[in-house]
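One structure is given below, encoded as structure tokens.
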Amino acid sequence: MKIEKKLENGCLTLKVEGRLDTNTSPELEGELKLDGVTEILFDFADLEYISSAGLRVLMGAQKAMMVSGGKMSIVSPNEMVKSVFDITGMSSIFTIV
């Protein structure tokens, strides 16, 4: 998995490439330093696969943003990743653009 991280004006953008699974989810979780962050954008245009471990990281980020009054969005998931969100019911929890 490859992660490109950019923080600008309180918006943390994480472009994730490859697979987000049990082996790689701790790496993404480690990138979620949220001091001063008011918005998180997960760019999943190049994400090939997401497992329940990846969903857990996203749920944690969503919860942190809700508590702090911020917002979180998932941008450009491919059909396979979008279907995982749909099947698990997460598409009704996350803002997917």
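Derivation of every value follows stated rules applied to the coordinates shown; laboratory data play no part. This is a predicted model, so every value here is computed, not measured. As a convention, Cβ positions derive from the backbone with ideal geometry for all residues, glycine included, and neighbour counts pool all protein chains shown.
Data overview
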| read-out | value |
| --- | --- |
| Filtered residue count, segment 62-75, keeping only those that are more than 9 Å from residue 42 (Cα to Cα) and touching a strand residue (DSSP E or B) at 6+ places or on another chain (Cβ under 9 Å) | 6 |
| Boolean, residue 15 is under 19 Å from residue 81 (Cβ atoms) and not aliphatic (A, V, I, L, M) | yes |
| Scope segment 56-85; condition closer than 13 Å to residue 16 by Cβ, under 12 Å from the mean Cα position of the chain (by Cα) and not β-branched (Val, Ile, Thr); matching residues | 58, 61, 76, 77 |
